[in-house]
Amino acid sequence: MTSRAAARRYARALFDVVLAEGSIERAQAELQSFADLVAGSDALTNVFANPAIPAARKRGVVAALLQRTGMPAGPVSKLVQLLADRDRLVILPEVARAYRERVMDHQNIVRGDVITAAPLASEALKRIEEGLAQATGRRVMLDARVDPSIIGGAITRIGSTVYDGSVTTQLQKMKQALVERNQ
């Protein structure tokens, strides 16, 4: 089983337990916080990725981290300890990502990107999100980026769907139409 598939399974199991017992958002925050703690320390990352270090030692490190961070004993701490027992702590960032996606899906939220030639005002971004929400039937959260090469307009990606209203693309389409007409 690939690490991505394993991460999705762990995330799904955590989500199912938390959905029945508690707050899915709090669990997401705890999981992401612990994953960020590990990712922010080269020493921890190296220890957890090193197959020469026994799983029992890794569990001890995890237990100490959980105690030091004050994470409550609950589904997230149990999952992290389980990953340590199974020597699968290296997939922790992927588990956090998969869990976040599952929470967003449960809340009917979809993430996307919008690329514009100039920075977008927050009101304009909000209007684009609202328009896309009507088109998709889901709440849309966009990450805005700037790319001056598109000249103007916007390119929006939601999942595998791309809405390309850039000036560059429109110019390319016009060029293609003129070329085809002159042949």
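The values are calculated or read from the model by the stated rules, or taken from the named source; none is laboratory data. This structure is a prediction, so every number in the text was calculated from the model and none was measured. Cβ coordinates were reconstructed from backbone atoms using ideal geometry, including for glycine residues, and neighbour counts include every protein chain displayed.
Quick check on my filter: what residues within the range 1-37 are under 17 Å from the mean Cα position of the chain (by Cα) and at pLDDT below 90?
Within the range 1-37, Ser3, Arg4 qualify.
Among the listed residues Glu94, Glu123, Glu101, which satisfies the condition of being among the charged types (D, E, K, R) and farther than 20 Å from Ala39 by Cβ?
Glu123
Output the qualifying pairs, or none if there are none: Cβ atoms under 7 angstrom, residues six or more apart or on different chains, first residue in the range 130-147 and free of Cβ contacts under 8 Å to residues at least 12 places away in the same chain and within 11 Å of Gly112 (Cβ to Cβ), second residue assigned to a strand (DSSP E or B) and among the hydrophobic types (A, V, I, L, M, F, W, C).
Once the first residue is free of Cβ contacts under 8 Å to residues at least 12 places away in the same chain and within 11 Å of Gly112 (Cβ to Cβ) and sits in the range 130-147, its partners that are assigned to a strand (DSSP E or B) and among the hydrophobic types (A, V, I, L, M, F, W, C) give Ala133/Val140.
Enumerate the pairs (first residue in the range 105-126 and not assigned by TED's automatic domain parsing to the domain that holds Arg157 and exposed (fewer than 12 other Cβ atoms within 10 Å of the Cβ); second residue anywhere and part of a strand (DSSP E or B) and of a type in the set (Phe, Trp, Tyr)) with beta-carbon separation below 7 Å, excluding pairs fewer than 6 apart on the same chain, so at least 6 apart or on different chains.
none
So which residues in the range 136-172 are in a helix (DSSP H, G or I) and either surrounded by fewer than 11 Cβ atoms within 10 Å (Cβ to Cβ) or outside the structural domain of Ala118 (by TED's automatic domain parsing) (or both)?
Pro148, Ser149
When you scan the range 1-80 for helices (runs of 4 or more DSSP H) that lie fully inside it, which ones turn up with 1 or more residues that are of a type in the set (Asp, Glu), assigned by TED's automatic domain parsing to the domain that holds Glu101 and without any contact (Cβ under 8 Å) to a residue 60 or more places away in the chain?
By residue number, 3-21, 24-39, 42-49.
Would a scan of the range 38-59 turn up a residue that is surrounded by fewer than 19 Cβ atoms within 10 Å (Cβ to Cβ), within 19 Å of the chain's Cα centre (by Cα) and closer than 30 Å to Thr161 by Cα?
Taking every residue of the range 38-59 in turn, none turns out to be surrounded by fewer than 19 Cβ atoms within 10 Å (Cβ to Cβ), within 19 Å of the chain's Cα centre (by Cα) and closer than 30 Å to Thr161 by Cα.
In the range 156-183, what count of residues is obtained for those that are β-branched (Val, Ile, Thr) and in contact with a Gly (Cβ under 7 Å, 6 or more places away or on another chain)?
Residues that pass the stated criteria total 3.
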